[in-house]
Amino acid sequence: MAVEKQEYVKAIPPKENLSEWYTAVVLKAELADYAPVRGCMVIRPYGYAIWELMQQELDRRFKETGHKNAYFPLFIPESLLQKEAEHVAGFAPQVAWVTQGGQETLTERLAVRPTSEAIICTMYAKWIQSYRDLPVLLLQWNNVVRWERSTRLFLRTMEFLWHEGHTVHRTAEEADQEARLILRIYQEFIEGWLAIPVLVGKKTDSEKFAGADYTYTLEVLMPDGQALQAGTSHFLGQNFSKAFGIKFLDRDNQEKYPWQTSWAVTTRLIGALIMIHGDDRGLVLPPKVAPYQVVIVPIFYEDQQNVLEKARELAQRLAGRFRVHLDDRPEYTPGWKFNDWEMRGVPVRLEVGPRDVAKGQVVLVPRVGNGKVSVPEAEVEVQVGRMLDEVQAQLFKRAKAFLDSRIFPASTVEEVEEIMTVKKGFAKVLWCGKLVCEETLRDRTGASPRVIPLDESETGSCVVCGQPAGILVYYARAY
Ligand SMILES: [Zn+2]
């Protein structure tokens, strides 16, 4: 039985109601669902397929640059977590504890990992003795738990998936190079694959990772003008090596503490992807991470088996080069399918009907823009490839134009306030470096310092105190 296509479209609120729109898209596109545990989500196969594609590409890039995967335990004894004072203070409010195992009350509580520095550094202290053991370039793909008060599908959940890299180096320079290498890998991936432009730089001291010397970050701008931290790469200095007793004998026969980094991106990137690219019709996926890059919808009736056969033949041909899905369900109309796959964000739709078969052509429709074309069947691979590249490029261009249009220079606190409440976006300000000015700006505007850019610099006077200032900072309200 055919379902009226209008019904489906109406089920998604317009994107200007961003919050409702977002939840509706996540649920209706079957990316994720609420779990029967507060603050947790179930990632459904369509959403998980996006994560797998992201994971494969990042993993490929990590391995290409000499990193290896390992796996460490989910539980961290409390005494280990407490070894690095800033680290434990930073994470304490969010740690979930195991106090009982079976019938037995534990003598030492076990933290469900909020991040794994404590357990990994404990092992590094055992494994690293000599400069010959360095560098250590490990990461793990895993889950972590942080006891969040308010949660949102993908963007903030109590349990989430990520990778966490943990590297150890002989010198500070090598460790900083590593932290920057990872930053570059993240930027290339987020911009090139997810089609999301980022602002790249350092966090201020108050916003850095608990236990790090400094933190590199990638910030993205969401459609409501709020920033989302998309990834971080931390230079840990010798803080953890000293706290955990990781020491090595250097070439000069001196015992030294090595230098470390840690870094991560998480499933919240999927949340960014949905919000940034989606539209009133639903999800829009960049082709590079779309579980189906092409959906084939045959337009046929029962007596037109030749159309169905042609669709099957095309699916088989394209499957060698693209992720293809043939929607040959007879119980839905082509119009219903068009809407359904648009809502699910498939980048290219291929239509084939009786007239197309007769003419030896197919119709290609991109998910964004007005590029609907008829192309000769012989050229289908080339034309699909071209259209996917165009969709990928167009999504980045669109998101970049939005980001650029939402960066506003500000020279007074009032201007920053106006940017947060009216213009909505990043306020670009100069800062003297004093904590009191940072806190004043935060208190008065609700914005936090998101990033100190690496590739821009300016001098002038501080946005708060008016004293000479040489630090450029992007402020925004944040997710
Ligand atoms: Zn100041």
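The values are calculated or read from the model by the stated rules, or taken from the named source; none is laboratory data. Since the structure is predicted, the reported quantities are computational estimates derived from the model, not experimental observations. Counting neighbours? That spans all protein chains shown, and the Cβs are built from the backbone with ideal geometry, glycine included.
For residue 194, the criteria (1) modelled with pLDDT of 95 or more; (2) in a helix (DSSP H, G or I) hold in every case but one, which is (2). When the stretch 440-479 is filtered for residues that are within 11 Å of the ligand (Cβ to nearest atom), assigned to a helix (DSSP H, G or I) and of a type in the set (S, T, N, Q), only 440 remains.
Within the stretch 95-121, if we keep just the residues that are touching a helix residue (DSSP H, G or I) at 6+ places or on another chain (Cβ under 9 Å) and surrounded by fewer than 18 Cβ atoms within 10 Å (Cβ to Cβ), the residue that is farthest from residue 165 (Cα to Cα) turns out to be 108.
One residue alone among 443, 455, 389, 404 is among the acidic types (Asp, Glu), surrounded by fewer than 15 Cβ atoms within 10 Å (Cβ to Cβ) and within 30 Å of residue 311 (Cβ to Cβ), and that residue is 389.
Just to be sure before I move on: is residue 15 over 30 Å from residue 168 (Cα atoms) and either at pLDDT 95 or above or in a loop (DSSP other than H, G, I, E, B) (or both) in the structure I sent? In short, yes. Of all residues in the stretch 383-439, those that are within 16 Å of the ligand (Cβ to nearest atom), outside any helix (DSSP H, G or I) and either without any contact (Cβ under 8 Å) to a residue 40 or more places away in the chain or acidic (Asp, Glu) (or both) total 3.
Rundown of residues vs (1) in contact with a Ser or Thr (Cβ under 8 Å, 6 or more places away or on another chain); (2) of a type outside the set (A, V, I, L, M); (3) closer than 30 Å to residue 405 by Cβ, yes/no style:
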site: 144; (1), (2), (3): yes, no, no
site: 150; (1), (2), (3): no, yes, yes
site: 168; (1), (2), (3): yes, no, no
site: 182; (1), (2), (3): yes, no, yes
site: 190; (1), (2), (3): no, no, yes
site: 213; (1), (2), (3): no, yes, no
site: 223; (1), (2), (3): no, yes, yes
site: 228; (1), (2), (3): no, no, yes
site: 237; (1), (2), (3): no, yes, no
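Of the set (1) surrounded by fewer than 15 Cβ atoms within 10 Å (Cβ to Cβ); (2) closer than 29 Å to residue 271 by Cβ; (3) under 23 Å from the mean Cα position of the chain (by Cα), all apply to residue 57 but (1).
When the stretch 134-187 is filtered for residues that are more than 15 Å from residue 235 (Cα to Cα), touching a residue at least 60 places away in the same chain (Cβ under 8 Å) and in a helix (DSSP H, G or I), the ones remaining, listed by number, are 185, 186.
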